[in-house]
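A.B. asks: Structure provided below as C-alpha cells; questions to follow.
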Amino acid sequence: MISDQQLVIDNFEDKLKVFTHAVSGELIKEEDFVIANTEIPTDTFNVLLVKSPNIKNADKIRHGIDNFSFKEYPFSTWIDAQHLNDDWTRLMQEYGLKEAERNVMMKLENTLSVGQRISHQLTISHVRNDEELLKYIEVFMSLFAGTPEKDALESYFHKFSQVKLGSAVHMFIGCIGEMTVTTGLLIESKDSYGIYDVMTKESFRGKGYGSEMFQFLLHQTKDKRKPVVLQASEDGKNIYKRFGFIDVGEMVVFEQGGFLG
C-alpha cells in the first residue's frame, strides 16, 4: 500500500522526469533521491527530490550537488517533512542550503463525484501546438517578472520540446476573449494524477478564473477512481479543501540563500 505522501512524491518525480527530458537534461534516479538537471541555471526545474529518510547514496548526492555548484546552476531541494532527519539536515547545512518555504501535500481520493464546471467565464483549450504553448509560457513567465529566474526560464523554454512530454502530460490555457489569463497542468502517473501550474496573471486574480481552471482539470481525469495529488501553499490550501482535498503531509523546500523557517 502506497502512503499518501509517497503518492505526492512519486507524481512529482514523474513531473521532474518529463520536464527534464523536454530540454534534453539529465535525470539521476536512485532509491533515496532523484536529481533533475536541465543544464540550465533554473532552480524552478533543477531539483533534488528526496525519496527516503535514509541516505543510501551520499557520494552520488554530493556529486550531483557539486555538479550544480561547479556550473553555478541554482537548484532547489524538496523533502517530505517526515524524511527531514538529522542526516538530511546536516547535508543541507553542509552545502549552505536553507529552508525557503513549506508546501502542504494534499490528496483527493477520487474524482467520481466531480461535476462539470459551474462557471464558463473561460475558454479552456488543451495545448496542442506551438502557438498555444507560447500562450502557456507567457502566463508562466509573468509570475517571474523582474527576477533573475525569468532569464533562466526563457532559456529553459527556448530549448523546450512539447513532443518530448509524452501522452501523460496535459497542459491547458484559459482565455478571456483573445487574452490568455490562466494555465493548468495535469500529469497522470501510475498511481495518481497530479495538478500543477494553476497560475493566473496578476491583474486577473480574484475573479474565480483559477478555481474554474482547477475544476476543469479535475474533470479531465480519465480514471475517476484514481486519486489526485498536489502541493499547495499554506494560504492556498483552503481553496483545494473546498474541492474535497485533505492535508496528507508537508514538503520542505531548501534553496541556496533561502530563509530559515
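A.B. asks: Of the conditions (1) at pLDDT 95 or above; (2) more than 16 Å from Gln121 (Cα to Cα), Gly184 clears all except one; give me its number.
C.D. replies: Single failed check for Gly184: (2).
A.B. asks: With respect to Phe214, determine if the residue is more than 30 Å from Gln93 (Cα to Cα), out of contact with any His (no Cβ under 9 Å at 6 or more places or on another chain) and outside any helix (DSSP H, G or I).
C.D. replies: So Phe214 does not fit the description; no.
A.B. asks: I need a count of the residues in the range 24-42 that are closer than 15 Å to Ile79 by Cβ and surrounded by 20 or more Cβ atoms within 10 Å (Cβ to Cβ).
C.D. replies: Residues flagged as closer than 15 Å to Ile79 by Cβ and surrounded by 20 or more Cβ atoms within 10 Å (Cβ to Cβ) within the range 24-42 amount to 4.
Okay, residues lined up against (1) surrounded by fewer than 17 Cβ atoms within 10 Å (Cβ to Cβ); (2) in contact with a helix residue (DSSP H, G or I) (Cβ under 9 Å, 6 or more places away or on another chain):
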site	(1), (2)
Thr183	no, yes
Arg205	yes, no
Phe214	no, yes
Thr221	no, no
Arg225	yes, no
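A.B. asks: Test Phe144 against the criterion of being surrounded by fewer than 22 Cβ atoms within 10 Å (Cβ to Cβ) and within 16 Å of the chain's Cα centre (by Cα), and give yes or no.
C.D. replies: Yes: the conditions hold for Phe144.
A.B. asks: Still on this model: In the range 242-261, which residues are of a type in the set (D, E, K, R) and either touching a strand residue (DSSP E or B) at 6+ places or on another chain (Cβ under 8 Å) or closer than 22 Å to Glu149 by Cβ (or both)?
C.D. replies: Asp247, Glu250, Glu255, listed by residue number.
A.B. asks: Quick check on this structure: which one of Ala100, Ala36 is within 30 Å of Val163 (Cβ to Cβ), under 20 Å from the mean Cα position of the chain (by Cα), small (Gly, Ala, Ser) and not in a loop (DSSP other than H, G, I, E, B)?
C.D. replies: When all the criteria are applied, what remains is Ala36.
A.B. asks: Let me ask something additional. Give me a count of the residues in the range 140-175 that are within 18 Å of Asp130 (Cβ to Cβ) and basic (Lys, Arg).
C.D. replies: Of the residues in the range 140-175, 2 are within 18 Å of Asp130 (Cβ to Cβ) and basic (Lys, Arg).
A.B. asks: Test Glu154 against the criterion of being acidic (Asp, Glu), within 19 Å of the chain's Cα centre (by Cα) and closer than 30 Å to Asp4 by Cβ, and give yes or no.
C.D. replies: no
A.B. asks: Of the conditions (1) assigned to a loop (DSSP other than H, G, I, E, B); (2) within 15 Å of Asp66 (Cα to Cα), Ser52 clears all except one; give me its number.
C.D. replies: With (1) assigned to a loop (DSSP other than H, G, I, E, B); (2) within 15 Å of Asp66 (Cα to Cα) applied to Ser52, the lone miss is (2).
A.B. asks: Look at Gly64 and say whether it is among the small types (Gly, Ala, Ser) and in contact with a Leu (Cβ under 9 Å, 6 or more places away or on another chain).
C.D. replies: Criteria met by Gly64.
A.B. asks: Next up: Scan (1) at positive phi; (2) at pLDDT 95 or above; (3) of a type outside the set (Asp, Glu) for the single condition Gly208 breaks and write down its number.
C.D. replies: Failing condition for Gly208: (2).
A.B. asks: Kindly indicate whether Leu165 is at pLDDT below 95, of a type in the set (A, V, I, L, M, F, W, C), in contact with a helix residue (DSSP H, G or I) (Cβ under 7 Å, 6 or more places away or on another chain) and under 30 Å from Gly244 (Cα atoms).
C.D. replies: It is true that Leu165 is at pLDDT below 95, of a type in the set (A, V, I, L, M, F, W, C), in contact with a helix residue (DSSP H, G or I) (Cβ under 7 Å, 6 or more places away or on another chain) and under 30 Å from Gly244 (Cα atoms).
The values are calculated or read from the model by the stated rules, or taken from the named source; none is laboratory data. Note that the coordinates shown come from a computational prediction; the quantities given were computed from them, not determined experimentally. All Cβ positions, even for glycine, are placed from backbone atoms using ideal geometry, and neighbour counts span all protein chains on display.
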